[in-house]
Each structure stands twice: as C-alpha cells, then as structure tokens.
Amino acid sequence: MIVGRVVGSVVSTVKHPAYASTKLLLVRPVSLDGAEEGPEMVCVDTVGAGAGELVLVCKEGAAARQVLRKKHAPVRSLVIGIVDHVEAADGRRMIDGKK
C-alpha cells in the first residue's frame, strides 16, 4: 500500500464491464514528508475520495479484485481509505491529510 494525493479524475464513457458504476481517480504518490513523488496512477475509488485528499492506495491486483468481489477484473489499484494524517512512532505528524 502507498499514501497518495488525489490530483484529478478520469472520465470514460466506454470501458471494461468490470469498471461499470465505478469512479476513477488520478492519484500521485507522496513521500513521508508529504512531497509528491512518482508518476500518477489511475485508481478505482471505493471510499468517495475527492480532489486534494490524501488517500491510502492498495496497488496489488489480487487484493483489489477481492475488495471489488470481481474475480477476473483487470484492476490493479484501489483507493481504500481517506487519510487524516500519518504519525511517527514518537507522535510527530509526518503528513497532514489537509493540503
């Protein structure tokens, strides 16, 4: 799993049937200091996240298919949580969910 920030949405009128009735988000990974890093990824939203929110992303296809209950779906990444903040063991906040 990774932490990322929602940077947009993906609109598609024609798509694989496994994606019917799903919202697709464009998410950019963030480092533990909150800096955006790496390329964006398209994720199926399972929690109702929106632009600018910090999210938890599952990037493992088998787990994604289990969450969606679609055994053969061509799905790799899911938004599975909205993150309020990430906290270190010593209690200091490393990333705040609000941008």
Checklist outcome for this item: Placing each pseudo-label 7 Å from Cα in the direction of the beta carbon, THR13 and LYS59 end up separated by a distance in nanometres of 3.3
Item to check | Pairs of alpha carbons in the chain whose separation is greater than 15 Å (percent) | outcome: 59
Checklist entry - Out of residues 5 or more away from VAL10 or on other chains, whose amide H comes under 5 Å of its own, with H placed 1.01 Å from N in the peptide plane? => result LEU24, LEU25, LEU26
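Near ARG65, within a Cβ-to-Cβ distance under 10 Å, what is the net charge of the other residues, with Lys and Arg +1 and Asp and Glu -1?
Cβ neighbours under 10 Å give a net charge of +3.
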Checklist entry - Which whole-Hz ³J(HN,Hα) couplings does the range 55-60 yield from phi under the Karplus relation 6.51 cos²θ - 1.76 cosθ + 1.60, θ = phi - 60°, glycine and proline marked x? => result 10, 9, 10, 8, 10, 10
Checklist outcome for this item: What helix-only [θ] at 222 nm does the chain give? Using -39500 (n - 2.57) per DSSP H run of at least 4, over all residues, to the nearest 500, the answer is -2000 deg cm²/dmol
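Can you sort VAL14, VAL27, VAL42, VAL75 from fewest to most other Cβ atoms within 10 Å of each residue's own Cβ?
Numbers: VAL14 4, VAL27 25, VAL42 15, VAL75 22.
The most exposed by this proxy come first: VAL14, VAL42, VAL75, VAL27.
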Item to check | Straight-distance crosslink candidates among lysines, where the alpha carbon sits under 21 Å from LYS59 and sequence neighbours closer than 8 are dropped | outcome: LYS15, LYS23, LYS70, LYS71
Checklist entry - How much FRET efficiency would the formula 1/(1 + (r/R0)^6) give for ARG28 and ASP90, where r is the Cβ-Cβ distance and R0 is 35 Å, rounded to 0.05? => result 0.80
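Only bridges with both residues in the range 1-92 count here: give the DSSP antiparallel percent, nearest 5. List each step's numbers first, then the result.
Details: 20 of 22 bridges.
About 90 percent, rounded to the nearest 5.
Every number in this text was worked out from the coordinates using simple rules, so none of it is lab data. Since the structure is predicted, the reported quantities are computational estimates derived from the model, not experimental observations. Reconstructed Cβ throughout: ideal geometry from the backbone, glycine too, with neighbour counts over all protein chains shown.
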